[in-house]
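Chemist: I have a structure here, written as structure tokens, and I will follow up with some questions on it.
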């Protein structure tokens, strides 16, 4: 049954296919002879990154797939997965690792009004890119694009598994709690971890296997 699906992993914001979570899950899937496709959402052009671009990029990847899709998304990749699943019915389940619900709100709080105004005035801002281990410019269009997405419209009922750390100081766990509380088809597993979930990946893999059963 597991081989009847196409599995795709979407990394987080300012991350890459070489992230620890991506590699860990790729290797676990390989152990059961399943290919986990990891898409590079940076497209060698981090400056023009937007949620819309990520959604479009993945849709081009899955449009002609003959098998149903299961998406695994980390952080901003988790948010992307949720919007993708809303309008692509060939996506049959989503697994979200510390998904960045209310991302714009958290970004505004973390940056503060002064930095946001500077970003808007300049049209770009230096963001630390964890995948590249250096700073990269990001266009203010990233913010403008996010304003077009309303999470309250995410109402497609499909199997959804969320993992979120209790000590996440990037995307507080309350964001996932609120999302799950209004959607009975969502299973939220709270873990003693932070945003990276690095210390609980074996637990996550165990739960993913149970989810597939």
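Chemist: For the list (1) more than 17 Å from the chain's Cα centre (by Cα); (2) assigned to a helix (DSSP H, G or I), I need the number of the one condition that residue 205 fails.
Modeler: Evaluating residue 205 over (1) more than 17 Å from the chain's Cα centre (by Cα); (2) assigned to a helix (DSSP H, G or I) leaves (1) as the failure.
Chemist: Using the structure shown, decide if residue 107 is touching a residue at least 60 places away in the same chain (Cβ under 8 Å) and farther than 17 Å from residue 7 by Cα.
Modeler: no
Chemist: Does residue 159 fit the bill of being surrounded by fewer than 18 Cβ atoms within 10 Å (Cβ to Cβ) and either within 30 Å of residue 210 (Cα to Cα) or out of contact with any helix residue (DSSP H, G or I) (no Cβ under 6 Å at 6 or more places or on another chain) (or both)?
Modeler: So residue 159 fits the description; yes.
Chemist: Against the definition (in contact with a strand residue (DSSP E or B) (Cβ under 6 Å, 6 or more places away or on another chain), under 27 Å from residue 86 (Cβ atoms) and surrounded by 15 or more Cβ atoms within 10 Å (Cβ to Cβ)), how does residue 188 come out, yes or no?
Modeler: yes
Chemist: Does segment 100-107 contain any residue that is exposed (fewer than 15 other Cβ atoms within 10 Å of the Cβ), outside any loop (DSSP other than H, G, I, E, B) and at pLDDT below 95?
Modeler: The answer is yes; a qualifying residue exists.
Chemist: Could you tell me which of the residues 73, 112 is within 22 Å of residue 195 (Cβ to Cβ) and surrounded by fewer than 16 Cβ atoms within 10 Å (Cβ to Cβ)?
Modeler: 112
Chemist: Which number in (1) crowded, with 16+ Cβ neighbours inside 10 Å; (2) under 27 Å from residue 26 (Cβ atoms); (3) touching a residue at least 60 places away in the same chain (Cβ under 8 Å); (4) out of contact with any helix residue (DSSP H, G or I) (no Cβ under 7 Å at 6 or more places or on another chain) marks the one condition that residue 136 misses?
Modeler: Just one mismatch for residue 136, condition (4).
Chemist: Is it the case that segment 120-133 has a residue that's in a helix (DSSP H, G or I) and within 22 Å of residue 16 (Cα to Cα)?
Modeler: No - not one qualifying residue is present in segment 120-133.
Chemist: Checking the condition outside any loop (DSSP other than H, G, I, E, B), touching a residue at least 24 places away in the same chain (Cβ under 8 Å) and under 28 Å from residue 120 (Cβ atoms), which residue from 171, 143, 162 passes?
Modeler: When all the criteria are applied, what remains is 143.
Chemist: Continuing with the same structure: When you check residue 191 against the structure, is it modelled with pLDDT of 95 or more, touching a helix residue (DSSP H, G or I) at 6+ places or on another chain (Cβ under 9 Å) and under 29 Å from residue 92 (Cα atoms), yes or no?
Modeler: In short, yes.
The values are calculated or read from the model by the stated rules, or taken from the named source; none is laboratory data. Predicted, not measured: the structure shown is a model, and the values here were computed from it. Positions of Cβ are backbone-derived with ideal geometry, glycine not excepted, and every protein chain shown enters the neighbour counts.
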